[in-house]
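Undergrad: Just passing along the structure, written as structure tokens.
The values are calculated or read from the model by the stated rules, or taken from the named source; none is laboratory data. Just so you know, these numbers come straight off a predicted model, no measurement behind them. We place every Cβ from the backbone using ideal geometry, glycine too, and count neighbours over all the protein chains shown.
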Ligand SMILES: [Mg+2]
């Protein structure tokens, strides 16, 4: 399964992966790592998106690593990104998972349900089909089909 290929998911730490206990590390929220691992397995790039810095950030990263999650990037869009004044502080993720979401945090089993509905799977499949259809048309009719020729 690779349904989350090219999908960047920004995940908050305190209150989301673990219960809020900052600066300590709270208890894992039920199914947090299980869900994250499955998303990763399906091709998602997981970005840790947290206000933690320095030692507290390292502790969070280490905690996640010990639980089988190695983030693609931490507080940035990609691992090598250098953050300076020219770079937006908002990261460019496709999906944000945060306990401060409008409506509050629904819990990880609900997160899983939301991310895996039939409609989403269908949309991803359509995207793939339309991409391969475009490729086929390009192959059959060349790069620049003229408008007046059908
Ligand atoms: Mg939070």
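Undergrad: Kindly evaluate residue 132 against the criterion of being away from the ligand (no atom under 16 Å from the Cβ) and surrounded by 11 or more Cβ atoms within 10 Å (Cβ to Cβ).
TA: Details: away from the ligand (no atom under 16 Å from the Cβ): yes; surrounded by 11 or more Cβ atoms within 10 Å (Cβ to Cβ): no.
Judged against the criteria, residue 132 is not a match.
Undergrad: Take the residues of segment 48-60 that are part of a loop (DSSP other than H, G, I, E, B) and either within 17 Å of the chain's Cα centre (by Cα) or farther than 26 Å from residue 89 by Cβ (or both): which is farthest from the ligand (Cβ to nearest atom)? Break it down into steps so the answer makes sense when it comes.
TA: Applying the first criterion (part of a loop (DSSP other than H, G, I, E, B)) to segment 48-60 yields 49-53.
Next, from what is left, pick out any that are either within 17 Å of the chain's Cα centre (by Cα) or farther than 26 Å from residue 89 by Cβ (or both): 49-50.
Details: 49: 9, 50: 7 Å.
Among those that are part of a loop (DSSP other than H, G, I, E, B) and either within 17 Å of the chain's Cα centre (by Cα) or farther than 26 Å from residue 89 by Cβ (or both), it is 49.
Undergrad: Something else: Confirm whether residue 52 is in contact with a helix residue (DSSP H, G or I) (Cβ under 8 Å, 6 or more places away or on another chain) and under 14 Å from residue 12 (Cα atoms). Steps first, answer last, please.
TA: Working: in contact with a helix residue (DSSP H, G or I) (Cβ under 8 Å, 6 or more places away or on another chain): yes; under 14 Å from residue 12 (Cα atoms): yes.
Judged against the criteria, residue 52 is a match.
Undergrad: Still on this model: Residue 93 - would you say it is modelled with pLDDT of 80 or more and touching a strand residue (DSSP E or B) at 6+ places or on another chain (Cβ under 7 Å)?
TA: Working: modelled with pLDDT of 80 or more: yes; touching a strand residue (DSSP E or B) at 6+ places or on another chain (Cβ under 7 Å): yes.
Yes; evaluated as a whole, the condition is true for this residue.
Undergrad: Can you pull out every residue in segment 71-90 that is modelled with pLDDT under 95 and touching a strand residue (DSSP E or B) at 6+ places or on another chain (Cβ under 6 Å)?
TA: Within segment 71-90, just 79 meets the criteria.
Undergrad: Applying the selection to segment 44-70, what residues are touching a strand residue (DSSP E or B) at 6+ places or on another chain (Cβ under 6 Å) and farther than 16 Å from residue 28 by Cβ?
TA: Step one: list which residues in segment 44-70 are touching a strand residue (DSSP E or B) at 6+ places or on another chain (Cβ under 6 Å), which gives 44-49.
Within segment 44-70, 44, 45, 47, 49 qualify.
Undergrad: So, in segment 1-47, of the ones that are closer than 16 Å to residue 105 by Cβ and without any contact (Cβ under 8 Å) to a residue 24 or more places away in the chain, which residue ends up farthest from the ligand (Cβ to nearest atom)?
TA: Restricting to residues being closer than 16 Å to residue 105 by Cβ and without any contact (Cβ under 8 Å) to a residue 24 or more places away in the chain, the top hit is 27.
Undergrad: A further question on this structure: Being in a loop (DSSP other than H, G, I, E, B), touching a residue at least 24 places away in the same chain (Cβ under 8 Å) and touching a helix residue (DSSP H, G or I) at 6+ places or on another chain (Cβ under 9 Å) is the requirement here; does residue 105 meet it? Let's see the steps before the verdict.
TA: Numbers: in a loop (DSSP other than H, G, I, E, B): yes; touching a residue at least 24 places away in the same chain (Cβ under 8 Å): yes; touching a helix residue (DSSP H, G or I) at 6+ places or on another chain (Cβ under 9 Å): yes.
The answer is yes for residue 105.
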